[in-house]
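Structure, as structure tokens:
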Amino acid sequence: MIESVLRGHVYYKGSGRPTLFTTDEFLTDMMLQKDKIGRRLYNTEEELAAALRVSKIVPVEPMSDYAEIVAIMVNLADYTIGADKGGAIAMFDDFDIDYNQLKYLMESRISGALTKPKSVNVFLTYRVSL
């Protein structure tokens, strides 16, 4: 898989050095790789990040819920966050009779999008069962 990430740089058209977002399980598997003598290939996450040509590796816990997604390589400088209606904030207030308290809720909706084409690589794994 490390080879796949390295070969994936050919298709990455984003700006700068990307960040690799991955599961903790996949990060552990990459860190535990050994040579033919039995020595670990990468002693630190920084060494692994340098070998993968990424700025850093960030473990993302919710990615573990999706078994087919192994890693996402993206530079968040290519990601833009915006808001609808000029970033309007809605405010609600309500009196909670059970606790004799006045409660406030502030709500805003934001969205985001990649602003540079081909600026993200998603690495998938497929398991074939017979």
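The values are calculated or read from the model by the stated rules, or taken from the named source; none is laboratory data. It should be emphasised that the depicted structure is a prediction, and the values quoted were computed from it without experimental measurement. Every residue, glycine as well, gets a Cβ built from its backbone with ideal geometry; the counts of neighbours run over all protein chains shown. Surface accessibility is based on the protein's heavy atoms, side chains included, excluding ligands, DNA and RNA. Shrake-Rupley method; radii C 1.70, N 1.55, O 1.52, S 1.80 Å.
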Query raised in the report: How far is it, in nm, from the label point at L41 to the one at T125 when both lie 7 Å from their Cα along the line to the Cβ?
Result: 1.5
Query raised in the report: How long are the three semi-axes of the equivalent ellipsoid for the chain, computed from the Cα gyration tensor as the root of 5 times each eigenvalue, in whole Å, largest first?
Result: 40, 21, 15
Report summary line: Given a 1.4 Å probe, the accessible area of the chain per residue, as a whole number of Å², is 74
Requested in this report: Let me have the 222 nm mean residue ellipticity of the chain computed from DSSP H runs of 4+ only, each contributing -39500 (n - 2.57), with the sum over all residues rounded to the nearest 500.
Outcome: -4500 deg cm²/dmol
Requested in this report: Under 28 Å Cα to Cα from K13, which lysines show up? Leave out anything in the same chain fewer than 8 places away.
Outcome: K56, K116, K118
Requested in this report: Return the lysines within reach of K103: Cα separation strictly under 29 angstrom, same-chain partners fewer than 8 residues apart disregarded; answer none if there are no such residues.
Outcome: K85
